[in-house]
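Notes for the one structure printed next.
The values are calculated or read from the model by the stated rules, or taken from the named source; none is laboratory data. Remember, it's a predicted structure, so these values are computed and weren't measured experimentally. Cβ: placed from backbone, ideal geometry, glycine included. Neighbour counts: every protein chain shown. The protein model used for the area step is the full one, side chains on, heavy atoms only, and it has no ligands, DNA or RNA in it. Shrake-Rupley method; radii C 1.70, N 1.55, O 1.52, S 1.80 Å.
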Amino acid sequence: MPALSSEGTALLAASSGLEDAHEAEVLRGSFFTHHLVGGLRGAADTSGDGQVTLSEAFAYANRLTIRDTATRSLEPQHPSFDLWLRGRQDVVLTTAPKAGTQLV
């Protein structure tokens, strides 16, 4: 694995501090975690380069969490983040199969 080109801390939260985080029985857990995991498995790879970055993963989970909780609650959930990073590139969290690649 290549060395990180950025350093610092990143805190991702399922909701703002002023609202509840929603769960669904069908998901067997929270909307945010469900979408974040899906994003890390490759769904958040908007660039199609086979790498899921911190920005891609959060943007994906944020968008879908707001969308899904807005249809189920009068108060949609809004994920939040606190980043203290420095460097030259976004942080790569995971690698995923490139679009069109078959898993064996």
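Where residues in the stretch 74-88 are assigned to a loop (DSSP other than H, G, I, E, B) and at pLDDT 85 or above, which of them is least open to solvent (accessible area, probe 1.4 Å)? Among those residues, the one meeting the criterion is 77.
Would the stretch 17-32 turn up any residue that is within 9 Å of the chain's Cα centre (by Cα) and surrounded by fewer than 17 Cβ atoms within 10 Å (Cβ to Cβ)? Lay out the reasoning, then the answer.
In the first step, residues of the stretch 17-32 are kept if they are within 9 Å of the chain's Cα centre (by Cα); the result is 32.
Next, only the ones that are surrounded by fewer than 17 Cβ atoms within 10 Å (Cβ to Cβ) stay: none.
Looking for residues that are within 9 Å of the chain's Cα centre (by Cα) and surrounded by fewer than 17 Cβ atoms within 10 Å (Cβ to Cβ), one finds none in the stretch 17-32, hence no.
Scanning the stretch 37-73 for residues that are surrounded by 17 or more Cβ atoms within 10 Å (Cβ to Cβ), under 17 Å from residue 90 (Cα atoms) and of a type in the set (A, V, I, L, M) turns up 40, 44, 52, 54, 57, 61. Within the stretch 63-98, the set of residues being in contact with a strand residue (DSSP E or B) (Cβ under 9 Å, 6 or more places away or on another chain) and among the basic types (Lys, Arg) comprises 72, 86, 88.
For residue 27, indicate whether it is without any contact (Cβ under 8 Å) to a residue 12 or more places away in the chain, touching a helix residue (DSSP H, G or I) at 6+ places or on another chain (Cβ under 6 Å) and either part of a helix (DSSP H, G or I) or hydrophobic (A, V, I, L, M, F, W, C) (or both).
Answer is yes for this residue.
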